[in-house]
1. Tell me the carbon and sulfur percent of the accessible area for region B:7-89, rounded to whole percent, probe radius 1.4 Å.
2. Shielding by partners for B:52-65, please: the mean number of other protein chain Cβ atoms within 10 Å of each residue's Cβ.
3. As a test of the definition: with a 1.4 Å probe, what buried accessible area, both sides summed, do you compute for B against A, in Å² to the nearest 100?
4. What number comes out for accessible area per residue over region B:7-89 if the probe is 1.4 Å? Units Å², please.
5. Output the pairs from A:LYS86/A:LYS116; A:LYS127/B:LYS86; A:LYS10/A:LYS86 with a Cα-Cα distance over 24 Å in this structure; if there are none, say none.
6. Need one value for A:113-122: mean number of C-beta atoms belonging to other chains within 10 Å of its residues' C-beta atoms.
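The values are calculated or read from the model by the stated rules, or taken from the named source; none is laboratory data. This one's a predicted model, so the numbers in the text were calculated from it and none came from an experiment. Here the Cβ is made from the backbone with ideal geometry for all residues, glycine too, and neighbour counts use every protein chain on show. Note: accessible area is taken over every heavy atom of the protein model, side chains too, but ligands, DNA and RNA are not part of it. Shrake-Rupley method; radii C 1.70, N 1.55, O 1.52, S 1.80 Å.
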There are 2 protein chains.
Amino acid sequence: MPAPDRTAAKEKFMAFLEEKNLRITTQRRAIVDTVFGTDQHFTAEQLLEWARERDESVSRATVYRTLPLLTESGLVHEMDFGKDYKIYDPNYADHPNHNHIICDDCDKIVEFESNKLDELENEISHKLGFSVKSQQLRINASCEEMKKLGECKNKGL
Amino acid sequence: MPAPDRTAAKEKFMAFLEEKNLRITTQRRAIVDTVFGTDQHFTAEQLLEWARERDESVSRATVYRTLPLLTESGLVHEMDFGKDYKIYDPNYADHPNHNHIICDDCDKIVEFESNKLDELENEISHKLGFSVKSQQLRINASCEEMKKLGECKNKGL
DNA sequence: AGCAAATCGAGACAGAGTCTCATTATCAAA
DNA sequence: TTTGATAATGAGACTCTGTCTCGATTTGCT
């Protein structure tokens, strides 16, 4: 998988910063270049590690401060699998309507889209009196099974 | 909501311990009485707090050691919403096939069952090459909306 | 009662994330 | 281009959930 070209996303984020009168710093540049230079989902710690490869001076605090901005801008999707464990998806702007399956043991994430599922989720939530803000279907499977099946390859839906 | 009578569940767990040549200690008794004396979902920390009201000597370590036993016995359901944040459901033995909606802000949990949803989840997972071990649909809604609608009352499905 | 093994509590440790605070960098206006 | 208000920074203290170790205690079988 080649690194995607997300110059557009990067520029949108810079515009977003300007709009909010926030400053474009060298650390933020390193972080943003990292985020939009990968296809993979990542955690805050991973982002810190990767961003430091570009700019040694990036600190943990700055990563944690920049992530909410990226989320707020709509360019990155935050998946909250618990109170204190977030995973970020840099592909969000390209295809905002997908669900995720998380593999239990090897931590791989498989994306898929299903209108039927979306509709059913909305229908159920509505009946329960919720207005859905976001929804995450988490399906756990064991690595044993996944290995047999060729590393969680999305076979199309 | 009156405290449920789960004498049966408690006795099943004691039998489970005996089967595995594990010992019935006063601390475990306090923990088990607590677990099967509530209808509510709880976290490990909450369980620690509640169990200590029955027996001051219950330690954090013992709670964390007993929880996996309760899960293994099949009497309590562990919902893992992240790497390090688990919520436990003591009603599991009574109705094992339900899903959960988690409220974002007030942390309430609403249970529901939907065969249609179960079927669709299984179908999708199968197509993706997974054999489902467990699945959790997490739907987030804001407290604002929930308050308007009467505290997340399950309106029947 | 006696004993081996299971269990215990305390507290050190780990990982994710938040917060403070003194210092530095940005950028718009002069 | 200098200035200056203030946004942003890094370091590190701190919180919270959970794990692990270890010496002391309890259990339950004989």
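1. Working: 2010 of 4450 Å².
Roughly 45 percent, rounded to a whole number.
2. Numbers: counts 0, 0, 0, 0, 0, 0, 0, 0, 0, 0, 0, 0, 0, 0.
That average works out to 0.
3. Values: alone 10410 and 10430 Å², together 17050 Å².
Rounded to the nearest hundred, the buried surface is 3800 Å².
4. Numbers: 4450 Å² over 83 residues.
Averaged over the residues of region B:7-89, the accessible area is 54 Å².
5. Working: A:LYS86/A:LYS116 26 Å; A:LYS127/B:LYS86 27 Å; A:LYS10/A:LYS86 22 Å.
Over 24 Å apart, Cα to Cα: A:LYS86/A:LYS116; A:LYS127/B:LYS86.
6. Numbers: counts 1, 5, 0, 4, 6, 0, 1, 7, 6, 1.
Whole-number average of other-chain Cβ neighbours for A:113-122 is 3.
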